[in-house]
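*Asks:* Quick one: the structure is below, questions incoming.
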Amino acid sequence: MTQKNNAAEQPEQISMGKPMLIGAVIGLILISLFVFGVDEPKPEWGKLWMLKPLIIVPFAGATGGLFFYFMNYLSSKGSFNKTLAIILSLVVFIIGLWLGFVLGLNGTLWN
């Protein structure tokens, strides 16, 4: 009687929170470069004008990380090409982050 080692056959699954956290941190770092670089904000923006972009852009980054997780899951099951999944995830992450920037900075730095 011999035992089979199935550990090499099963790909390691990452938790859903890890890519979401990485995406949110990337979004937070990028938007912080813009928001905290403003020396004198316009008075019509209000006192808390920076809260909107600091919430929306990391959320968009976390959503991009969630998409990466699902594409990684599909590619590990063999139903999707791994290289194509990574490229598609990167494109969706960049577009989602850009849309987060537009929504977050609308009415302030975007005008």
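*Asks:* Look through region 19-50, keep the residues that are in contact (Cβ under 8 Å) with a residue 60 or more places away in the chain and small (Gly, Ala, Ser), and return whichever of them is nearest to LEU103 (Cα to Cα).
*Replies:* Looking at the filtered set, the residue picked out is GLY27.
*Asks:* Also, quick follow-up: Return the pair list, or none, for Cβ contacts closer than 9 Å from residues in region 52-64 that are closer than 21 Å to ALA85 by Cα to residues that are crowded, with 20+ Cβ neighbours inside 10 Å and among the polar types (S, T, N, Q), at least 6 apart or on different chains.
*Replies:* Final answer for the pair search is GLY64/SER89.
Laboratory data are not the source of any read-out in this text; all were calculated from the coordinates shown. This one's a predicted model, so the numbers in the text were calculated from it and none came from an experiment. Cβ atoms come from the backbone with ideal geometry, glycine included; neighbour counts cover every protein chain shown.
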